[in-house]
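The values are calculated or read from the model by the stated rules, or taken from the named source; none is laboratory data. Everything numeric here is computed off the predicted structure, so don't read it as measured data. Positions of Cβ are generated from backbone atoms using ideal geometry, with glycine treated the same way; all protein chains shown enter the neighbour counts.
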Amino acid sequence: MPAPDRATPLIELRAITKRFGGVTALDGVSLSIMPGEIHCLAGENGSGKSTVIKVISGVYRPDGGEILIDGRPAGTLDPVRSTAAGIQVIYQDFSLFPTLSVAENLTLNSFLREGRAMVDRARARKMSAEVLARLGVDLPLDAAVESLPTAGRQLVAIARAVLADARLIIMDEPTTALTGREVERLFRITRDLQAQGIAVLFVSHKMREMLDLSERLTVFRSGRKVAEGPTAGFDEAAITRAMTGRDLARARYDAPAATGAPRLELRNLTVPGQVENVSLSLHAGEVVGISGLIGSGRTELALAVFGMKPGFSGHVLVDGRIVDPQDVQSAIAAGIAYVPEDRLSEGLFLSRSIRDNSIAAAIGRFARGPWLDRRRAAGATRAMFERMTIAAPGTGAPVGTLSGGNQQRVMIGRWLMTGARVLILNGPTVGVDVGSKATIHAIVHRMAREEGLAVLMISDDVPELVGNCNRVLGMAGGRLAGEFAGPALTEDALNETLRLGAHPNGVPA
């Protein structure tokens, strides 16, 4: 493929405005993407990122401004014209057909564009094998897409875009559900796409990824472009300042001095084939992290403590008393709470009201016989809003209408309404913007320090663990594989442990 002409933008937005009723989602936004460049778009939720993606892809028609493709006015874009211009968007849900095979998902659009009434299966397999080889990945062509892990489905979406002769691929929060190794593979593929002359607009909340991958960076805030330039001219503090309009504190959390019995203690906890002989303790006010690759046993450990792995062996103690969380109800009664990694599929009832979601774990407190005391439930929910600094118009709106950060705070607040003394957070800030992330961390610190909550924080985000935990435990192969605290708790040390999947001294776990 010939080298792209870097002199003329592949696509250019000039003074784009988009309004929804009385709300201005984009206010005179200009943005250019050069052929073959990796360009990162950053901003908090509600900053206009999703709106600009839909303008580029032709889903939204702007109310003002001009769009140019290859230096020529594009007129009114719609999805068909945008796709014909080589623009492909990979949304967070990937927009795949789950029951169709990998090969069918990859080639269906190509056959439809050709006007074919029948699928040529031999040609579909040949086309699919060729595009996957072009990306340097191997996927089972006959497997149903729904059987693939998240990273595999993402690769199918990327390969489909390449097969459609994409010149610009827009990736919307592509690393939200990926492990560290999967992110590395995605970055390698993204750079390979660039080498083939394909531009990538990478939309992310994760500042390390922006700095590591992109050549240019654009930041939106409140529907306006507030910063733009070569990525080399930014650091995390500068990106944060542009996104939020303020500097966010990054001081490490210091736990109060330990006194009395541990708030949570595990003795030789074992889940056959998943967790082996794990012993640990957390005192009131501690925020203790767990790092480890997918499959290390970290989530299985949390689920066992929360009563979702019945039949485990060993002992769980809360405030020095042995409890037996063989089901969720007994874990809640013992003062243990768990916020899952995926709030959308595992935690929230999206079509139900904010109030219903908030009281779900403590609904017995608001019952009058067979009836719900709605006034009392609404009052408790409003009090929780204040405690968790949740921004919402009221308690009756569907929880799905809230931003990711507010949804996550509803999840945490729900469990605190049960009177929990131990809070397990699995991926506490997945899919939330930098401002909401800082707010959630501050709330967790306050509850630990002032209310004596013991927090077990599981995260793939190494800076999150280093900045918010007084200790971090490494896991590998279902076992604890080292502890980091004080001067030894550094990002380099944790990254090395994750890379080795072993003890910090390099000995396999």
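Within region 297-311, being under 26 Å from Ala258 (Cβ atoms) and in contact (Cβ under 8 Å) with a residue 40 or more places away in the chain holds for Gly297, Arg298, Leu301, Ala302, Val305, Phe306. Of all residues in region 45-57, those that are in a helix (DSSP H, G or I) have Cβ atoms under 6 Å from Cβ atoms of residues that are among the basic types (Lys, Arg), 6 or more apart or on another chain, in Thr51/Lys18.
Does Met384 fit the bill of being within 20 Å of Val430 (Cβ to Cβ), in contact with a Gly (Cβ under 7 Å, 6 or more places away or on another chain) and surrounded by 20 or more Cβ atoms within 10 Å (Cβ to Cβ)?
Numbers: within 20 Å of Val430 (Cβ to Cβ): no; in contact with a Gly (Cβ under 7 Å, 6 or more places away or on another chain): yes; surrounded by 20 or more Cβ atoms within 10 Å (Cβ to Cβ): yes.
For Met384, the condition - within 20 Å of Val430 (Cβ to Cβ), in contact with a Gly (Cβ under 7 Å, 6 or more places away or on another chain) and surrounded by 20 or more Cβ atoms within 10 Å (Cβ to Cβ) - is not met.
Glu286 passes every criterion in (1) under 21 Å from the mean Cα position of the chain (by Cα); (2) within 21 Å of Asp461 (Cβ to Cβ) apart from (1). Within region 149-170, if we keep just the residues that are in contact with a helix residue (DSSP H, G or I) (Cβ under 8 Å, 6 or more places away or on another chain) and among the basic types (Lys, Arg), the residue that is surrounded by the most Cβ atoms within 10 Å (Cβ to Cβ) turns out to be Arg160.
Within region 114-148, restricting attention to residues that are outside any loop (DSSP other than H, G, I, E, B) and under 25 Å from the mean Cα position of the chain (by Cα), the residue that is surrounded by the fewest Cβ atoms within 10 Å (Cβ to Cβ) is Glu146. Within region 171-183, the residues that satisfy the criterion of being crowded, with 18+ Cβ neighbours inside 10 Å and assigned to a helix (DSSP H, G or I) are Glu182, Val183. The residues of region 58-69 that are among the small types (Gly, Ala, Ser) and either without any contact (Cβ under 8 Å) to a residue 40 or more places away in the chain or outside the structural domain of Tyr91 (by TED's automatic domain parsing) (or both) amount to a single one, Gly58.
Restricting attention to region 485-507, does a residue exist that is at pLDDT 85 or above, charged (D, E, K, R) and surrounded by fewer than 19 Cβ atoms within 10 Å (Cβ to Cβ)? No. For Leu186, the criteria (1) buried (at least 17 other Cβ atoms within 10 Å of the Cβ); (2) at positive phi hold in every case but one, which is (2). Being at pLDDT below 90 and more than 21 Å from the chain's Cα centre (by Cα) holds for only one residue in Ile336, Ile322, Ile332, Ile363, and it is Ile363. Pick from region 400-434 the residues that are charged (D, E, K, R) and out of contact with any helix residue (DSSP H, G or I) (no Cβ under 6 Å at 6 or more places or on another chain): which of them is surrounded by the most Cβ atoms within 10 Å (Cβ to Cβ)? Step by step, filter region 400-434, then rank; the result is Asp433.
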